[in-house]
Amino acid sequence: MAQQITELVELKNRVDAWRKAGRCVALVPTMGALHAGHLALVKEARKQAEHVVVSIFVNPTQFGPSEDFSRYPRTLEQDMQSLQGLADVAWVPSVEIMYPQGQHSDTHIEGIGDDLEGAMRPGHFDGVATVVKYLFEQVRPDIALFGEKDYQQFCLIKRLVNDCGIDVSVIGIPTVREADGLAMSSRNRYLSKEERAIAPQLYQTMKVGIDLIKGGEPVQQVIGHTIEQLEKEGFTKIDYLELRAEDTLAPMTVYRAPARLLAAVWLGKTRLIDNVRVA
Ligand code: AMP
C-alpha cells in the first residue's frame, strides 16, 4: 500500500531511514492523472530500486497564463489505487510546500530550454527544471525515471543534472501507446470522440515520414509533405514537426542516425506532442 505523504519532514524521515539502511531509492515525478504510461515508469523503478517515491504535483510554474493549469485533471484517489503494490510513497506536496518563497522559476537551461517546446511555451522548461530540482533536493533519489514521451524534457533533465552536479542517474523509458498508436497522455481525456478518432494519425503519419527519410528522401521535403498530410487529416494547427539529432536535439537537415522526429500539433483546443526515434 503506497503511503500518501504531504509533509516534508515526514518525507525526509522516511527516505533518510532507507538511505541509512543503504537502500536504493527511485523517484518518478508526475502531475498525477496516472495512466499506463506513468505506471511503466513506476514498474521499472520498482525493478531498479528497493524503494519507490512517486511525486504527484500539478506544477503551476510550468503552465503559461493561457494554458490548462486550472482544468488539468486531478484524480488523487484513483492515482493512489493505481500505485498500490508499486510505490512505497506518493509525495503529494501543496503549492506552499513546493514554493515557500512564492511561485517562481529559478532555473533556466540555456539552449535546449528555449527550443521547440520551450519556444512555443515560454517559461515552461524553467518551471519544469525548477520543480524537478526541488524534487531532487527533497527526495534525494539515487535514480529518477522520465518518459521519452516528453523527449525534450528528458534531455533537459539530463542537462540539469549535469550542469548542477546533481548525484542522480536519469533513466528514460520508451513511450507507452494505446493500441491504435496514440501516445498515452493525461490530456487525451480532453479529446472529443471525433478528435480521438483523428489523434492516432499523428503517430501513423510520422512513421510514414520516417520511412521516407530513412529511404533517402530529402528531410525538408518529407517534413513539408508530412505537415500537409497532418492538416488534411484534420489536425487544426502544427506547432512544429522537426528532425533533430537524438543526443543534442540539434537541427538536422540531412539525416544521420540516430535522430528523433518531434511534433506538437493541435486538435481543436487540445495540444498533443509526440516523438519517434529514427535509426
Ligand atoms: P506528466 O504527469 O505528464 O508530467 O508525466 C510524468 C512522467 O510520465 C514524465 O516523465 C512523462 O514523460 C511520463 N509519461 C507520460 N506519458 C507517458 C507515456 N505515454 N509513456 C511513457 N512515459 C510517459
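Brief remarks follow.
- Meets criteria (at pLDDT 95 or above, away from the ligand (no atom under 13 Å from the Cβ), closer than 29 Å to Ala179 by Cα and surrounded by 15 or more Cβ atoms within 10 Å (Cβ to Cβ)) for Met31: no
- Of the helices (runs of 4 or more DSSP H) lying entirely inside the stretch 1-99, the ones with 3 or more residues being within 17 Å of the chain's Cα centre (by Cα) are found at 36-48.
- Against the test of being more than 22 Å from the chain's Cα centre (by Cα) and of a type in the set (S, T, N, Q), the options Thr248, Thr205, Thr270, Thr236 yield a single qualifying residue, Thr236.
- The C-beta contact set for the stretch 169-187 (first residue more than 7 Å from the ligand (Cβ to nearest atom) and at pLDDT 95 or above, second residue open to solvent by 30 Å² or more (accessible area, probe 1.4 Å) and among the aromatic types (Phe, Trp, Tyr), distance under 9 angstrom, 6+ apart or interchain) comprises Asp180/Tyr203; Gly181/Tyr203; Leu182/Tyr203.
- Residue match in the stretch 132-155 (condition: within 15 Å of the ligand (Cβ to nearest atom), within 23 Å of Tyr190 (Cβ to Cβ), among the β-branched types (Val, Ile, Thr) and modelled with pLDDT of 95 or more): no
- Meets criteria (more than 26 Å from Glu110 (Cβ to Cβ), touching a residue at least 40 places away in the same chain (Cβ under 8 Å) and open to solvent by 40 Å² or more (accessible area, probe 1.4 Å)) for Ile198: yes
- Residue that is surrounded by the fewest Cβ atoms within 10 Å (Cβ to Cβ), among those in the stretch 219-234 that are touching a helix residue (DSSP H, G or I) at 6+ places or on another chain (Cβ under 9 Å) and more than 15 Å from Leu262 (Cβ to Cβ): Gln221
- Val254 vs. criteria in a loop (DSSP other than H, G, I, E, B) and at pLDDT 95 or above: yes
- Subset of the stretch 249-279 (residues that are in contact (Cβ under 8 Å) with a residue 40 or more places away in the chain and of a type in the set (Val, Ile, Thr)): Val265, Thr270, Ile273, Val276, Val278
The values are calculated or read from the model by the stated rules, or taken from the named source; none is laboratory data. Keep in mind that this is a model prediction, so the values were computed, not measured. Positions of Cβ are backbone-derived with ideal geometry, glycine not excepted, and every protein chain shown enters the neighbour counts. To get the accessible areas, we keep the full protein, side chains included, count just its heavy atoms, and leave off ligands, DNA and RNA. Shrake-Rupley method; radii C 1.70, N 1.55, O 1.52, S 1.80 Å.
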